[in-house]
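The structure appears below as structure tokens.
The values are calculated or read from the model by the stated rules, or taken from the named source; none is laboratory data. Predicted model, so just to flag it, every value in this text is computed and none were measured. Don't worry about glycine lacking a Cβ; one is built from the backbone with ideal geometry, like all the others, and counts go over all protein chains shown.
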Amino acid sequence: MIRFIPMFVLMGVFAAIGIYWTILTEHFIAWTRKYNESFHRFIDARLSQPVLVERAKANYARLETSGGMTMLTWGVRMIGVALAGVALTTIIRVAIGI
């Protein structure tokens, strides 16, 4: 049983990430957008002609108007469900096999 503790911890982390992506999808996407915007500003500050921030804002607006944001949200949720499901299934199978 002790030899499987690292696997339980790793699968627990994967399950937690999957549950986070499933339940708090909007928070994850908002945080990612904020991080990407700050990263683009960081890069643009070092360029002679900054273009990344404006291009990113235009792409995000296009994504919202075309319905792609809904697809992205549900895609993240489905990945979260799959990740949590696989992790929890693995934990259960290892625990039963012991």
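Residue pairs whose Cβ atoms lie under 6 Å apart, sitting 6 or more positions apart in sequence or on different chains, and linking a residue in segment 49-62 that is in a helix (DSSP H, G or I) to a partner that is of a type in the set (D, E), are L52/D44; V53/D44. Within the set V13, V76, V81, V86, the sole residue that is touching a helix residue (DSSP H, G or I) at 6+ places or on another chain (Cβ under 9 Å) and loosely packed, with under 12 Cβ neighbours inside 10 Å turns out to be V13. The selection criterion, being surrounded by 13 or more Cβ atoms within 10 Å (Cβ to Cβ), in contact with a Leu (Cβ under 9 Å, 6 or more places away or on another chain) and at pLDDT below 90, does not hold for L52.
Name the residues in segment 19-47 that are assigned to a helix (DSSP H, G or I) and over 18 Å from the mean Cα position of the chain (by Cα), would you? If you could, list the steps in order and put the result at the bottom.
Filtering segment 19-47 down to residues assigned to a helix (DSSP H, G or I) leaves 19-23, 25-44.
The answer is H40, R41, F42, I43, D44.
Only residues that are on the phi < 0 side of the Ramachandran plot, small (G, A, S) and either surrounded by fewer than 13 Cβ atoms within 10 Å (Cβ to Cβ) or modelled with pLDDT of 95 or more (or both) were counted in segment 55-73, giving 3. In segment 1-18, the residues that are farther than 13 Å from T90 by Cα and part of a helix (DSSP H, G or I) reach residues that are at pLDDT 95 or above and of a type in the set (A, V, I, L, M, F, W, C) with C-beta atoms within less than 6 angstrom, at least six apart or across chains, in these pairs: G18/L83; G18/A84.
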